[in-house]
Amino acid sequence: MTRPVLVPILGDQLSRNIPSLEGLSPASTVVLMMEVWDEATYVKHHKQKIVLIFAAMRHFAEELRAEGFTVDYVRLDDPANTGSFTGEVARAVERHAPSEIRVTESGEWRVHEAMLEWEGRFPCPISILPDTRFIATHAEFRAFAEGRKHLTMEYFYREMRRKTGLLMEGDKPTGGVWNLDSENREPPKEGLKAPPAPKFAPDAITQEVIALVGARFADHFGDLEPFGWPVTREQALEAAEAFFARRLEKFGPYQDAMVHGEDDLYHSMLSTSLNIGLLDPLELCHAAEAAYKSGRAPLNSVEGFIRQIIGWREYVRGFYWHQMPGLAAANELSAHRPLPEFFWTGATDMRCLADCIRTTREDAHAHHIQRLMVLGNFCLIAGIDPREVADWYLAVYADAFEWVELPNVAGMVLYADGGRLATKPYAASGNYINKMSNYCSGCRYKVAEKTGPKACPFNPLYWDFMERNRDKLESNHRIGRIYATWDKMGEAKQREYLESAEKFLDSLEPARKGWARN
Ligand code: FAD
Ligand code: DLZ
Ligand code: SF4
């Protein structure tokens, strides 16, 4: 073969329509795939997340080989493996003397910085192509963001509806309104149980990866097995079909509900497949729209699902690239408390947190409202350091890549960005969790008690948070009015709240070093 084009494909680029492969013939291309120590440990990912990525990479390599591509696949246990993308591209350049390196832009800033260095380092041209699997380009997001103080998702979402034509009747939204959230948010009914998402039994390729991860990453958080995530496009399509057939219908109403021990509820469980490239965001949205048009799912569920994908998912990606690198260091509320050890062990009497951490450990997953209103809300009102919180989320969820994790953590949950993403902090007392879940009835703490040793910790922490951040939040028109209630309480009651919060915070054991990073 004449000098080939070298195409590095990263672990979250496992799509046949990845731009770097477009128009290339198998005969003139060498695809490079690399299992590298740096990526597996820049945070100590949940064991199932590493299995997911390596197993999906190995299956994707087989699919490309079946099409006739030469795939140079570097395994983690290859003795010559240098442990980094840059080191492995350098070795591949030696092996193949390519005429060009063609790569799709990375999802994360960290890897983007490394790729920029490739340009001066290797003796051939490098093309870094835009990732067209996203609907909004970086330029479109910049244009949207220009001149706005708050980058309200809702307006961005409308632009994406117009751009894609999804749920549009000419220039009007289907049903006459853009957002049907007011029809959603139902608390769980007694005994609410949804048809579970399919799990996929590991084949020989995945079993080999499970053995590797068990041996090499034993000190990482999380259960290794049972492992049931989709690792091929075929499996991901089956998971998507099962969602559209059995759960989309009630996705909207129960989007914010939480039930002890019911981990998936009506959520799609498709984020891992979307984020590593097994599924395409637009194909899912078109399938959801078709379910509405054929009467298989109501508009509130379908609009809600489409909004999560072309609204929130696209918006946080645009936000990440617009706000980096500053976003990673943002700490508007000067929160410096270490993450508690129980985030890693699950050993807490707070039943809501214990259940969310259990599902995180067992499945490398928790659904949105658990991540936002239980785990995130706790970190916000307890004043946990944003960097420690971000490391935790990035490590423990199988769908976590910094472009999507960090805006959610620093922006949506912690208000660390000073309100660029969310116009107010989502702080809540135990009442919210009690309304939207069945957690409180079996908890050692009493949600109705406001202070004292039996009181739900979210209650005093909420007021402690408000008081602690008064200078930053009082002028916020969406939350500032709450201070009138606080001021009316009187000094004795206020003191009770603050003392209860202090006692609780003092009782937290900080996480030992080495859980998130070596
Ligand atoms: P569904 O509830 O079925 O939603 C459908 C799809 O919409 C998801 O698959 C996802 O692609 C998209 N979506 C929904 N909400 C969001 C959102 N807020 N931001 C971006 N996409 C969204 N999602 C990730 O993919 N990776 C992360 O690392 C991640 N970290 C998060 C951290 C915090 C603090 C919070 C509050 C949310 C985070 N999310 C993250 C968003 C959301 O919780 C997950 O996408 C969702 O739980 C995945 O499960 P699902 O596929 O069943 O989602
Ligand atoms: C998450 C992850 C892990 C654990 N391991 C690898 C790997 O060994 N090789 C690889 O190509 N990708 C891996 N990934 C995904 C990358 O971290 C992801 O592609 C980048 O973060 C995107 O910028
Ligand atoms: Fe969580 Fe408080 Fe309810 Fe217990 S009482 S489950 S700590 S919200």
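The values are calculated or read from the model by the stated rules, or taken from the named source; none is laboratory data. Computed from a predicted model, the values in this text were never measured in an experiment. Glycine also receives a Cβ, built like all others from the backbone with ideal geometry; neighbour counts cover every protein chain displayed.
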Could you look through the range 344-375, keep only residues that are touching a strand residue (DSSP E or B) at 6+ places or on another chain (Cβ under 9 Å) and assigned to a helix (DSSP H, G or I), and pick out the one that is nearest to ligand 3 (Cβ to nearest atom)?
-> Cys352
Helices (runs of 4 or more DSSP H) fully within the range 1-105 counting 2 or more residues that are more than 11 Å from ligand 2 (Cβ to nearest atom) = 47-66, 85-96
Here the residues within the range 17-50 that are of a type in the set (A, V, I, L, M, F, W, C) and within 16 Å of ligand 1 (Cβ to nearest atom) are Val43, Ile50
Subset of the range 345-382 [over 26 Å from Lys424 (Cα atoms), aliphatic (A, V, I, L, M) and in contact (Cβ under 8 Å) with a residue 24 or more places away in the chain] | Ala364
Condition check for Lys172: closer than 30 Å to Cys440 by Cα and not polar (S, T, N, Q) | no
The lone exception for Asn438 - which of (1) in contact with a His (Cβ under 6 Å, 6 or more places away or on another chain); (2) more than 16 Å from ligand 3 (Cβ to nearest atom) it fails = (2)
Six or more apart or on different chains, Cβ under 6 Å: which pairs go from a residue in the range 235-246 that's more than 17 Å from Ser15 (Cβ to Cβ) to one that's surrounded by 23 or more Cβ atoms within 10 Å (Cβ to Cβ)? Could you list them?
-> Phe243/Ser268
Considering the range 336-362 alone, what residues qualify as being among the acidic types (Asp, Glu) and either buried (at least 23 other Cβ atoms within 10 Å of the Cβ) or touching a helix residue (DSSP H, G or I) at 6+ places or on another chain (Cβ under 7 Å) (or both)?
-> Asp355
Within the range 376-424, the residues that are within 24 Å of Ile50 (Cβ to Cβ), among the acidic types (Asp, Glu) and either within 16 Å of ligand 2 (Cβ to nearest atom) or not in a helix (DSSP H, G or I) (or both) are Asp391, Asp399, Glu402, Glu405
Note down all Cβ pairs under 8 Å where the first residue falls in the range 1-27 and is more than 17 Å from Asp280 (Cα to Cα), the second is part of a loop (DSSP other than H, G, I, E, B) and within 16 Å of ligand 3 (Cβ to nearest atom), and they're at least six residues apart or on different chains.
-> none
Is at least one residue of the range 45-60 surrounded by fewer than 18 Cβ atoms within 10 Å (Cβ to Cβ) and more than 16 Å from ligand 3 (Cβ to nearest atom)?
-> no
Please verify whether the range 419-428 includes one or more residues that are under 19 Å from Arg337 (Cβ atoms), touching a helix residue (DSSP H, G or I) at 6+ places or on another chain (Cβ under 9 Å) and modelled with pLDDT of 95 or more.
-> yes
Single residue of the range 107-122 satisfying the filter (touching a residue at least 60 places away in the same chain (Cβ under 8 Å) and part of a helix (DSSP H, G or I)) that is nearest to Phe85 (Cα to Cα) | Val111
Please find, among Glu332, Glu314, Glu362, the residue that is within 25 Å of Ala40 (Cβ to Cβ) and of a type in the set (D, E, K, R).
-> Glu362
Residue that is part of a helix (DSSP H, G or I), touching a Leu at 6+ places or on another chain (Cβ under 6 Å) and not small (Gly, Ala, Ser), where the choices are Glu314, Glu303 | Glu303
Please work out which residue is nearest to Gln308 (Cα to Cα), limiting yourself to the range 176-220 and to residues that are of a type in the set (Gly, Ala, Ser), out of contact with any Lys or Arg (no Cβ under 9 Å at 6 or more places or on another chain) and in a loop (DSSP other than H, G, I, E, B).
-> Gly176
Using beta carbons and a limit of 7 Å, which pairs, at least six apart or on different chains, have the first residue in the range 410-437 and among the aromatic types (Phe, Trp, Tyr) and the second one assigned to a loop (DSSP other than H, G, I, E, B)?
-> Tyr415/Glu332; Tyr415/Leu333; Tyr415/Ala422; Tyr415/Pro425
What single numbered condition from (1) assigned to a helix (DSSP H, G or I); (2) exposed (fewer than 13 other Cβ atoms within 10 Å of the Cβ) fails to hold for Lys149?
-> (1)
Name the residues in the range 83-95 that are touching a strand residue (DSSP E or B) at 6+ places or on another chain (Cβ under 9 Å), closer than 28 Å to Glu208 by Cα and either at pLDDT below 95 or not small (Gly, Ala, Ser) (or both), would you?
-> Phe85, Glu88, Val89, Arg91, Arg95
Is there a residue being in contact with a Phe, Trp or Tyr (Cβ under 7 Å, 6 or more places away or on another chain) and within 16 Å of ligand 1 (Cβ to nearest atom) anywhere in the range 51-74?
-> yes
Go through the range 429-509 and tell me which helices (runs of 4 or more DSSP H), entirely inside it, have 1 or more residues that are exposed (fewer than 15 other Cβ atoms within 10 Å of the Cβ) and hydrophobic (A, V, I, L, M, F, W, C).
-> 482-488, 491-506
